[in-house]
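Here's the structure we're looking at; comments come further down.
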Amino acid sequence: MNEGKSRNIVLIGFMGCGKSTVGIRLSWKHKMPVVDTDKLIEQNAGMRISEIFETKGEGAFRDMETDTLQKLSKQRVTRIISTGGGTPVREENRQLLKECGTVVYLRISPECVYERLKDDTVRPLLQCENPLAKIRELMAGRREAYESCAHIIVDVDGLTMEQVLEQIERQVKDYETFGD
Ligand code: S3P
């Protein structure tokens with residue numbers, strides 16, 4: 001993305017903001033490998049996230065997230081890392097995310113998440129009576145966590161995938177040139 005100085009790109013944001021798809025598109029475009037922490041967790045555990053929540057509980061899943069980030073932060077590979085929507089909630093994870101690379105927060109509104117995920121059946125936290133209320137509540141509780149560990153914020157509501165990619169590329173380039 002910025003020849004010679006490139007670092008990992010770490011994608012964070014609420015469920016449905018597009019982290020996984022953006023990760024794959026950036027990977028194709030910039031010929032960088034991509035890893036998805038949810039997929040790594042599923043591979044290591046040998047089960048789907050919904051099963052982990054069901055059989056081991058959310059706490060065990062959160063420990064797996066931290067463990068995965070710890071491993072990734074130690075690996076010296078330049079790549080794209082997409083994360084789970086709740087990853088930045090733990091303070092320890094926020095630190096690890098920043099150690100992993102340039103943290104890009106894909107910010108989305110609750111209404112837009114709801115539109116995208118209203119028929120979702122795989123995200124355990126949204127299998128409830130009133131998903132929109134749950135999205136609003138979770139997002140309100142997480143906003144500060146997302147913003148405090150982001151080096152870059154892209155507001156994705158109303159943007160096409162191409163526009164999201166362009167914004168990320170432009171802001172990452174500026175950050176790597178002028179950022180701290
Ligand atoms: C979660 C988001 C999910 C997944 C798990 C918990 C969350 O990832 O990690 O279901 O707490 O927001 P996506 O953001 O990729 O949906």
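The values are calculated or read from the model by the stated rules, or taken from the named source; none is laboratory data. Treat the numbers as computed from the prediction; the structure is a model and nothing was measured. Reconstructed Cβ throughout: ideal geometry from the backbone, glycine too, with neighbour counts over all protein chains shown. With ligands, DNA and RNA removed, areas are computed over all heavy atoms of the protein, side chains included. Shrake-Rupley method; radii C 1.70, N 1.55, O 1.52, S 1.80 Å.
For beta carbons closer than 9 Å, sequence separation of 6+ or different chains, a first residue in segment 140-155 that is within 11 Å of V104 (Cα to Cα) and a second that is among the aromatic types (F, W, Y) and modelled with pLDDT under 95, the qualifying pairs are H151/Y175; I152/Y175. Inspect all residues belonging to segment 143-150 and state whether any of them is within 16 Å of the ligand (Cβ to nearest atom), touching a helix residue (DSSP H, G or I) at 6+ places or on another chain (Cβ under 8 Å) and small (G, A, S). Yes - at least one qualifying residue is present in segment 143-150.
Can you confirm whether Y146 is among the aromatic types (F, W, Y), surrounded by 13 or more Cβ atoms within 10 Å (Cβ to Cβ) and within 15 Å of I9 (Cβ to Cβ)? Criteria not met by Y146.
Across segment 63-84, the number of residues qualifying as touching a residue at least 40 places away in the same chain (Cβ under 8 Å), of a type outside the set (A, V, I, L, M) and either in contact with a strand residue (DSSP E or B) (Cβ under 7 Å, 6 or more places away or on another chain) or open to solvent by 10 Å² or more (accessible area, probe 1.4 Å) (or both) comes to 4. Among the conditions (1) within 12 Å of the ligand (Cβ to nearest atom); (2) over 16 Å from the mean Cα position of the chain (by Cα); (3) open to solvent by less than 20 Å² (accessible area, probe 1.4 Å), the only one that L106 does not satisfy is (2).
Within segment 13-24, restricting attention to residues that are surrounded by 18 or more Cβ atoms within 10 Å (Cβ to Cβ), of a type outside the set (K, R) and near the ligand (Cβ under 9 Å from one of its atoms), the residue that is farthest from C100 (Cα to Cα) is G16. Among all positions in segment 29-37, there is no residue which is under 20 Å from K134 (Cβ atoms), under 14 Å from the mean Cα position of the chain (by Cα) and either not aliphatic (A, V, I, L, M) or not in a helix (DSSP H, G or I) (or both).
Yes/no per residue for (1) at pLDDT below 95; (2) within 16 Å of the ligand (Cβ to nearest atom); (3) crowded, with 16+ Cβ neighbours inside 10 Å; (4) of a type in the set (D, E):
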{"residue": "A133", "(1), (2), (3), (4)": "no, yes, no, no"}
{"residue": "R136", "(1), (2), (3), (4)": "no, yes, yes, no"}
{"residue": "V156", "(1), (2), (3), (4)": "no, yes, yes, no"}
{"residue": "Q167", "(1), (2), (3), (4)": "no, no, yes, no"}
{"residue": "Q171", "(1), (2), (3), (4)": "no, no, yes, no"}
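Got a number for residues in segment 25-62 being within 14 Å of the ligand (Cβ to nearest atom) and open to solvent by less than 70 Å² (accessible area, probe 1.4 Å)? So the count comes out to 19.
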